[in-house]
Amino acid sequence: MFRSWLQGYENYMTETLERSTTTVSIYIRTLRTIFNAAIAQRDIDSELYPFGKGKYQPPSSIKVKKALSNSQLKVLFEAIPQTDEQELAKDFWFLSFGCNGMNMKDILLLRNSNIDDEIISFIREKTKRTNKTATKAIIVYRNKIISDIIEKYRNKDKSPKALLFPFLNSNDNEEIQRKQVQNFTKKVNQHIKKLAVNNGLPEGISTYWARHSFTTKGVHEGASTEFMSEALGHQDPATTKGYIDSFPSEVKKEFSSKIFEF
């Protein structure tokens, strides 16, 4: 029972709340410490211990690949959705990818005042909560694909304070909005997975992959870690390095072929 609950909690944290495996592992280790203390004090039976070999194991700090390669991105971009839900999921996955890996919460909380004809400027909600002093805005330069998706789903109310997209109600309290963001993210994840599997792509794909794919592609295209760190809104470039997937075989082969071009 505990094992399935913990696995469900891990999936909820990584897929719905878009938390990193490192964050989940920290929370789980704290819970494991509580279990150990409770067993030591004989408050619970040791048979109820859900951790260990053959039971639930916290996610490893070694990150599972969460970035699509250039060829996989091309397949997903050219994939034809079979339902309206898949079309929405694809659009918002690539909106996230094109907007510096912006997460769904930040996308849904954008207001008309955050955009103009050239840029999108926003401060990550996560940064607002954790850093009260140095809140630097992230700047995204709009291209045609980003602009087309915005106009396709944009709120009819274009007043500055109105939300850019009509999926939340600005009059709702924070708790209601939090649940609406979770439901929207869950919907996008559910249908992007279906579209991915139908086109021979990894079934584990989620909105979290859009952020990793943006980062990995940026570095592979020659952007520095410092540049990508600013684009992602990370305070520490070391955090950005955790998002970067290993270089694909085609990049390594190209490097090997040019190594003797003195």
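One way to sum up the overall shape of the range 40-100 is the equivalent ellipsoid from its Cα gyration tensor, whose semi-axes run 43, 16, 12 Å, largest first.
Could you calculate the contour length gain from Lys194 to Ile145, that is, 0.36 nm times the residue separation minus the distance between their Cα atoms, to one decimal place in nm? Mind dumping the intermediate values first?
Details: separation 49, 0.36 × 49 = 17.64 nm, distance 2.23 nm.
Length difference between fully extended and current span is 15.4 nm.
Taking the empirical scaling 2.2 N^0.38 Å for compact globular proteins as reference, the range 140-222 has a Cα radius of gyration ratio of 1.34.
Checking the table Lys66/Lys161; Lys136/Lys194; Lys90/Lys158; Lys53/Lys90 against a 31 Å threshold on Cα-Cα, which pairs fail?
Working: Lys66/Lys161 35 Å; Lys136/Lys194 36 Å; Lys90/Lys158 24 Å; Lys53/Lys90 38 Å.
Beyond 31 Å between Cα atoms: Lys66/Lys161; Lys136/Lys194; Lys53/Lys90.
Extension gain, Asp43-Tyr153: 0.36 nm per intervening residue step, less the Cα-Cα distance, totals 34.2 nm.
If we sort 167-175, 103-111, 149-157, 207-215 on the protection proxy, mean other Cβ atoms within 10 Å, highest first, what's the order? Show your work: numbers first, answer last.
On the way: 167-175: 11.3, 103-111: 20.2, 149-157: 13.4, 207-215: 25.2.
Those peptides, ordered most packed to least, come out 207-215, 103-111, 149-157, 167-175.
Taking amide H atoms as placed 1.01 Å from N in the peptide plane, the amide H of Arg111 lies under 5 Å from those of Leu164, each 5 or more residues away in sequence or on another chain. Label reach from Lys187 (point 7 Å along Cα→C-beta): in the range 1-33, amide nitrogens under 19 Å belong to 15-18.
Spatial offset of the range 29-98 relative to the range 159-224 amounts to 15 Å, using the alpha carbon center of each. Of the GluC sites (Glu not before Pro) in the range 35-124, the ones in a loop by DSSP (not H, G, I, E or B) with at most 16 other beta carbons within 10 Å are Glu118.
Thr30 to Ser224: FRET efficiency via 1/(1 + (r/R0)^6), r the Cβ-Cβ distance, R0 30 Å, to the nearest 0.05?
Values: r = 35 Å, r/R0 = 1.18.
Result of the calculation: an efficiency of 0.25.
Read-outs: derived from the displayed coordinates by stated rules, not from any lab. This structure is a prediction, so every number in the text was calculated from the model and none was measured. Cβ: placed from backbone, ideal geometry, glycine included. Neighbour counts: every protein chain shown.
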